Amino acid sequence: MGAMPEEIHHLTHHLKQRSVRDSGMRTYYQGKLSGIPTVIVFSRWGKVAAAATATNLILEYGVREIIFTGVAGALHSDLNIGDVVVGKNLYQHDMDATPLMPRYEIPLLGKQFFETPPARTEAALEAAGRFFKNIKHYVSEAELAKFDIRAPKVVAGDIASGDTFVSAHAHKEHITSGLPGVYCVEMEGAAVAQVCYEFGIPCTIIRTISDAANESAEVDFPRFIETVASRYSEGIIRELYKKI
Ligand code: ADE
C-alpha cells in the first residue's frame with residue numbers, strides 16, 4: 001500500500017502478468033513483483049481510508065501480509081528530510097476515550113499501540129540501507145541537493161498516526177508531550193497495523209521524512225513526493241523483495 005498515487009506509480013510498472021481492477025474507489029494492481037504474487041494499491045488518506053483498503057486487501061485479495069510506504073512529518077529532532085523510519089510500535093495519537101479508558105487505548109482491544117514483527121522491521125531496515133547505497137540510481141543529484149539530502153539514514157522507531165496533517169508547532173508539541181518517544185507522524189500506519197492485528201497478519205510500515213511537522217510542512221510537499229518519496233518507495237520495496 002502507498003499513501004500517495006505517486007508512491008505506487010513507479011512500482012506498478014515492475015509488476016509482471018499485471019491485471020488492474022477497480023473496487024470501492026480504489027484501483028488494485030495485481031501481478032508478480034520479483035516473482036512474488038503482489039497487489040499494489042493507493043490507500044487514500046487518513047485512518048478510515050487506509051483501514052478500508054487494508055481490509056479489502058485481506059478479504060478480497062487474500063493477502064497474507066501488508067507493507068505500507070509513505071511520507072511522514074518528523075517529531076524526533078535527530079531526523080532530517082530524506083531519512084526513513086521503519087515503524088516499531090504504531091500509535092493512534094488522536095484516539096482518546098478518557099475517562100472510560102486510558103488515553104490512546106483502542107476500545108475493546110486493550111492496547112495503546114500495535115507492534116510490528118521484529119524480523120520484518122529488520123528486513124525493511126536492511127532494504128532501506130541497500131537502497132541508500134544506490135540512491136543516485138533513483139533520485140537525481142539535483143533533487144537530493146534541492147532538499148538538502150546529504151547522508152540519509154534509516155532508523156527503527158515508534159510512529160503516531162492521526163487524521164490531521166500536522167503543520168503547527170503547537171500541535172506537534174501536543175502529540176510529543178503525550179508520546180515523547182515517537183519518531184514521526186502520519187495519517188495511516190496505525191490504522192493498517194490495527195487491521196493487520198485484528199486479522200492476525202504481519203505488517204511493515206516504512207515512512208520517508210518529508211517535513212518537520214511544523215509551519216514549513218507544506219513547502220514543496222508535492223515536488224518532494226513526486227521526485228523523492230515515490231523513488232524511495234520504489235527502491236526500498238524492490239530491495240526488500242530481493243530478500244523475501
Ligand atoms: N505526512 C507527511 N507529513 C505529515 C505531517 N506533517 N502530518 C501528518 N502526516 C504527514
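The values are calculated or read from the model by the stated rules, or taken from the named source; none is laboratory data. Note that the coordinates shown come from a computational prediction; the quantities given were computed from them, not determined experimentally. For neighbour counting, all protein chains shown are included, and Cβ atoms are generated from backbone atoms with ideal geometry for every residue, glycine included. The protein model used for the area step is the full one, side chains on, heavy atoms only, and it has no ligands, DNA or RNA in it. Shrake-Rupley method; radii C 1.70, N 1.55, O 1.52, S 1.80 Å.
Identify, from the list V71, V155, the residue that is at pLDDT 95 or above, hydrophobic (A, V, I, L, M, F, W, C) and within 16 Å of the ligand (Cβ to nearest atom).
Checking each option against the conditions leaves just V71.
Check E60 against each of (1) surrounded by 19 or more Cβ atoms within 10 Å (Cβ to Cβ); (2) of a type outside the set (F, W, Y); (3) more than 14 Å from the ligand (Cβ to nearest atom) and name the one condition it does not meet.
It is condition (1) that E60 fails.
Which of the residues belonging to segment 202-244 are more than 12 Å from the ligand (Cβ to nearest atom), part of a helix (DSSP H, G or I) and of a type in the set (A, V, I, L, M)?
Hits for segment 202-244 are V228, I236, I237, L240.
Counting only residues that are surrounded by fewer than 24 Cβ atoms within 10 Å (Cβ to Cβ) and more than 8 Å from the ligand (Cβ to nearest atom), which one in segment 158-171 is farthest from S230 (Cα to Cα)?
Among those that are surrounded by fewer than 24 Cβ atoms within 10 Å (Cβ to Cβ) and more than 8 Å from the ligand (Cβ to nearest atom), it is A170.
Here is a check on your reading of the model: is F199 within 27 Å of T38 (Cα to Cα), within 12 Å of the ligand (Cβ to nearest atom) and either aromatic (F, W, Y) or touching a residue at least 24 places away in the same chain (Cβ under 8 Å) (or both)?
On the way: within 27 Å of T38 (Cα to Cα): yes; within 12 Å of the ligand (Cβ to nearest atom): no; either aromatic (F, W, Y) or touching a residue at least 24 places away in the same chain (Cβ under 8 Å) (or both): yes.
No.
Return the total of residues in segment 28-56 being farther than 27 Å from Y91 by Cβ, touching a strand residue (DSSP E or B) at 6+ places or on another chain (Cβ under 6 Å) and either open to solvent by 20 Å² or more (accessible area, probe 1.4 Å) or at pLDDT below 95 (or both). Working first, answer last.
Step one: list which residues in segment 28-56 are farther than 27 Å from Y91 by Cβ, which gives 28-38.
Now restrict to residues that are touching a strand residue (DSSP E or B) at 6+ places or on another chain (Cβ under 6 Å): 28-32.
Remaining after also requiring either open to solvent by 20 Å² or more (accessible area, probe 1.4 Å) or at pLDDT below 95 (or both): 29-30, 32.
Residues flagged as farther than 27 Å from Y91 by Cβ, touching a strand residue (DSSP E or B) at 6+ places or on another chain (Cβ under 6 Å) and either open to solvent by 20 Å² or more (accessible area, probe 1.4 Å) or at pLDDT below 95 (or both) within segment 28-56 amount to 3.
Between a first residue in segment 129-146 that is open to solvent by less than 60 Å² (accessible area, probe 1.4 Å) and a second residue that is hydroxyl-bearing (S, T, Y) and part of a helix (DSSP H, G or I), which pairs have beta carbons less than 6 Å apart while being 6 or more apart in sequence or on different chains?
Filtered contacts from segment 129-146: E143/T227.
Pull up segment 79-126, narrow it to residues that are touching a residue at least 60 places away in the same chain (Cβ under 8 Å) and assigned to a helix (DSSP H, G or I), then point me to the one that is surrounded by the fewest Cβ atoms within 10 Å (Cβ to Cβ).
E126
Please verify whether segment 5-18 includes one or more residues that are more than 16 Å from the ligand (Cβ to nearest atom), touching a residue at least 40 places away in the same chain (Cβ under 8 Å), in a strand (DSSP E or B) and over 22 Å from M187 (Cβ atoms).
no
Give the number of residues within segment 172-183 that are part of a loop (DSSP other than H, G, I, E, B) and more than 16 Å from the ligand (Cβ to nearest atom).
2
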